[in-house]
1. From the list Val54, Val66, which one is touching a helix residue (DSSP H, G or I) at 6+ places or on another chain (Cβ under 6 Å), surrounded by 12 or more Cβ atoms within 10 Å (Cβ to Cβ) and either at pLDDT 80 or above or more than 22 Å from Asp147 (Cβ to Cβ) (or both)?
2. In this structure, does Ala150 turn out to be open to solvent by 20 Å² or more (accessible area, probe 1.4 Å) and under 22 Å from Ile55 (Cα atoms)?
3. Would you mention how many residues in segment 174-184 are open to solvent by 60 Å² or more (accessible area, probe 1.4 Å) and within 19 Å of Leu113 (Cα to Cα)?
4. Within segment 78-188, considering only helices (runs of 4 or more DSSP H) that don't extend past its boundaries, which have at least 2 residues that are more than 16 Å from the chain's Cα centre (by Cα)?
5. Right, Ala117: surrounded by 14 or more Cβ atoms within 10 Å (Cβ to Cβ) and modelled with pLDDT of 95 or more or not?
6. Taking segment 35-92, which residues are touching a residue at least 24 places away in the same chain (Cβ under 8 Å), more than 21 Å from Glu107 (Cα to Cα) and small (Gly, Ala, Ser)?
7. Within segment 97-111, work out how many residues are of a type outside the set (Lys, Arg) and surrounded by fewer than 22 Cβ atoms within 10 Å (Cβ to Cβ).
8. Only one of Leu73, Leu61 is open to solvent by less than 40 Å² (accessible area, probe 1.4 Å), in contact with a His (Cβ under 9 Å, 6 or more places away or on another chain) and among the hydrophobic types (A, V, I, L, M, F, W, C). Can you tell me which?
Amino acid sequence: MSPGAPRQHGNPERQHHAIDAPGHGDRPRNPQDQRWGDAIHRARAAGEPIAPIVIDYNTSLAERAVPEWQATLDALQALPEIGTEALIGYGGMTLGVVTGLMLATVEPRIAALSIGAVFVDDALIETARKITVPVEYRIRWDDEYIDRRAGLALFDAFGSREKTLHAHPGGYNQVPEYERDSSARFFARHLRRDGATPA
């Protein structure tokens, strides 16, 4: 299955595009996806932990998304304005982190990762150990769903020689604008062939 149609996000001066993950946006959910989604809603309503459900759901979605992202990279690099020499960075939160880590372990075209806030299990820790590209990782210190200790363990597991941890106040889905700016600077620094640091 090919990725869903790209969506535009952000203000007109800083627009970017995103591809819907399997079962997200306009893409239909399969029956198992629907069961996971329903289970998450029930757990939240009952005040029960959602992490075990979300971890299984995200893993399934990421396994399906990785080949789609590889096909997307193939298509992008076929464009003359991009080409096969372009360095590629990956950014994501929550589900996007799981997808990005799985992608980076099998895809040498990924040169840098700017990620954060994800439900962590032992399998994701093992995946992080295989990551060697530069990583910028952020934690929401007051996240009501994601345990900060698990986030710190994930950061510690990254095999990258260059990795940076950003911890900021705030709960789930609260990302300060300055963190977005930091991510942009991180990619500008690591996706330049000449190694120069932009002003």
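The values are calculated or read from the model by the stated rules, or taken from the named source; none is laboratory data. Note that the structure is predicted; figures quoted are calculated from it, not measured. For neighbour counting, all protein chains shown are included, and Cβ atoms are generated from backbone atoms with ideal geometry for every residue, glycine included. What goes into the accessible areas is simple: the full protein's heavy atoms, side chains included, and nothing from ligands, DNA or RNA. Shrake-Rupley method; radii C 1.70, N 1.55, O 1.52, S 1.80 Å.
1. On the way: Val54 fails: touching a helix residue (DSSP H, G or I) at 6+ places or on another chain (Cβ under 6 Å).
Step by step, each of Val54, Val66 is checked, and only Val66 is touching a helix residue (DSSP H, G or I) at 6+ places or on another chain (Cβ under 6 Å), surrounded by 12 or more Cβ atoms within 10 Å (Cβ to Cβ) and either at pLDDT 80 or above or more than 22 Å from Asp147 (Cβ to Cβ) (or both).
2. Working: open to solvent by 20 Å² or more (accessible area, probe 1.4 Å): yes; under 22 Å from Ile55 (Cα atoms): yes.
Judged against the criteria, Ala150 is a match.
3. Taking segment 174-184 first, the residues open to solvent by 60 Å² or more (accessible area, probe 1.4 Å) are 174, 177-178, 180.
Of the ones still in play, those that are also within 19 Å of Leu113 (Cα to Cα) are 177-178, 180.
Number satisfying all stated conditions: 3.
4. Working: elements: 95-106, 122-129, 148-157.
In segment 78-188, the matching helices (runs of 4 or more DSSP H) lie at 122-129, 148-157.
5. Numbers: surrounded by 14 or more Cβ atoms within 10 Å (Cβ to Cβ): yes; modelled with pLDDT of 95 or more: no.
No, not satisfied.
6. Ala51
7. Within segment 97-111, the subset of a type outside the set (Lys, Arg) is 97-108, 110-111.
Checking which are surrounded by fewer than 22 Cβ atoms within 10 Å (Cβ to Cβ) leaves us with 102, 105-108, 110-111.
Total meeting the criteria: 7.
8. Working: Leu73 fails: in contact with a His (Cβ under 9 Å, 6 or more places away or on another chain).
Of Leu73, Leu61, the one residue that is open to solvent by less than 40 Å² (accessible area, probe 1.4 Å), in contact with a His (Cβ under 9 Å, 6 or more places away or on another chain) and among the hydrophobic types (A, V, I, L, M, F, W, C) is Leu61.
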